[in-house]
1. Given a Förster radius of 35 Å and the C-beta distance between K144 and T56 as r, what FRET efficiency does 1/(1 + (r/R0)^6) yield to the nearest 0.05?
2. Using just the C-alpha positions of region 74-123 as equal point scatterers, what log10 of I(q)/I(0) does the Debye formula give at each q in 0.13, 0.25 1/Å?
3. Pull up all non-local amide H partners of V73: gap of 5 or more, or a different chain, and H-to-H distance under 5 Å with H placed in the peptide plane.
4. With labels modelled as points extended 7 Å from the Cα through the Cβ direction, what inter-label distance (nm, one decimal) is found for M127 paired with D95?
5. Quick check on region 61-100: take the gyration tensor over C-alpha atoms, sort the square-rooted eigenvalues as a ≥ b ≥ c, and tell me if it's rounded (a/c under 1.5), prolate or oblate.
6. Quickly rank 146-153, 118-125, 48-55 as a protection proxy: mean count of other C-beta atoms within 10 Å, highest first.
7. Give me the one-decimal nm value for the distance between modelled label points at D72 and A104, 7 Å along each residue's Cα-to-Cβ direction.
8. Once phi is turned into ³J(HN,Hα) by the Karplus curve 6.51 cos²θ - 1.76 cosθ + 1.60 with θ = phi - 60°, what whole-Hz value does each residue of region 63-78 show in order, with x for glycine and proline?
Amino acid sequence: MKTKLLMASIAVVLPLLVSCGSGEKKAGPAVQDAAKTTGVIVADAWVRATAGAKDTSMTAAFMSLTNPGTTDVKLTSATSPVAGIVQLHEMAMKDGKMVMQEKAGGITVPAGSHAHLAPGGEHVMLMGLKQALKPGDELPLTLKFSDGSSHDLTLPVKAFTEEEEHYHPTPTPTSTP
């Protein structure tokens, strides 16, 4: 009986003693690898509905991108099976007017910081939509980043409001005979 009790005690205590080690704390490989491979975190992503829009062939996606890493990362592209063309856009002043244009070089997510893709600023533009988008629908979207990572997302479609008319480019002037 004494031997069984002693063996049971050793079986419980020995792993605890071994795991305590010398008291020196080092980050294990999993912790070190996690710090090196941290990617951009995507939050609060949504797409504007086309119901009620002047031009129902296009819409925009918005989100918050957070980069917990130590190196800047760029959102370089996006794709969706629902759109013929997906581009990264910004709002810029041209000839005294605020206009929407493709963002050359992608959208930077600074190291240890974030980028907000929001109405009136940088956003993901979806053009040549293959279907109407109404509130409550969901839209698949894949984001690709300069660090080689990508995010496959399913974004909720939210109600459209016309307060941001500059999401609808001014028609190209045509000459009349």
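1. On the way: r = 27 Å, r/R0 = 0.76.
So, using R0 = 35 Å, E works out to roughly 0.85.
2. So the normalised log intensities are -0.36, -1.02.
3. Answer set, sorted by chain and number: V109, A111.
4. 1.7
5. Values: a/c = 2.72, a/b = 1.24, b/c = 2.19.
Because a/c hits 1.5 or more and a/b fails to exceed b/c, region 61-100 counts as oblate.
6. Working: 146-153: 14.8, 118-125: 18.4, 48-55: 16.9.
The packing order, highest mean first, is 118-125, 48-55, 146-153.
7. 1.5
8. Calculated HN-Hα couplings, in order: 5, 10, 10, 10, 10, x, x, 9, 10, 4, 10, 10, 6, 9, 6, 8 Hz.
FYI, it's all coordinate maths here, none of it is from the lab. For clarity, every value in this text was computed on a predicted model and none was experimentally measured. Backbone-built Cβ (ideal geometry, glycine too); neighbour counts: all protein chains shown.
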